[in-house]
Amino acid sequence: MSVEDLIFERSKKCEVFSNSLRSFIALVVVAKDEVSWSELKSTLEEKVGGVNPNTLSFHIGKLVDGGFLEKFDIEGQPRYRITEYGASEIRRMIGEDLIKKIKEES
């Protein structure tokens, strides 16, 4: 892989976590292992206030497109979990201290 490719790849990772709501979404999913869209929305509203459904879907999509979250369905209901790649990157970028704190508050 060329230097340019590596720089592009790393800048895309940074872009995903440049938004605090996306970081919070990832943190919640890591803490809960897997979560439905409505559970995620409810948790976010409890922690950060009102969340527009379209905004939430947009940011979840960025995390899925970036390879950090995986979407799957159970009985027609979308659910999300952290990918193997996402788990290590999220722990590295967000930090174990925040993951521990959100688990304690859940």
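Quick note: the coordinates plus some simple rules give every number you see, no bench work behind them. This structure is a prediction, so every number in the text was calculated from the model and none was measured. Please note: Cβ atoms are built from the backbone with ideal geometry, for glycine as well, and neighbour counts cover all protein chains shown.
Structure summary
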read-out	value
0 to 90° range, to nearest 10: angle between helix 84-94 axis and the chain longest Cα axis	90 degrees
Local electrostatic count at LEU44 - Lys and Arg +1, Asp and Glu -1, tallied over other residues with Cβ under 14 Å	0
Fluctuation leader among GLU34, GLU75, GLU46 - the chain, Gaussian network, Cα springs under 10 angstrom	GLU75
Stokes-Einstein D in µm²/s, Kirkwood radius over Cα pairs - the stretch 2-106 at 25 °C with 0.890 mPa s viscosity	175 µm²/s
Extension gain (nm, one decimal) between LYS71 and ASN52, 0.36 nm per residue minus Cα-Cα	4.9 nm
Aspartates and glutamates with Cα under 12 Å of LYS12, excluding same-chain neighbours fewer than 8 positions away	ASP65
Lys, Arg +1 and Asp, Glu -1 on Cβ, resulting dipole of the stretch 3-105 about Cα centre, debye, nearest 20	220 debye
Those lysines that a straight Cα-Cα span of less than 24 Å connects to LYS32, excepting residues fewer than 8 apart in one chain	LYS13, LYS41, LYS47, LYS62, LYS71, LYS100, LYS101, LYS103
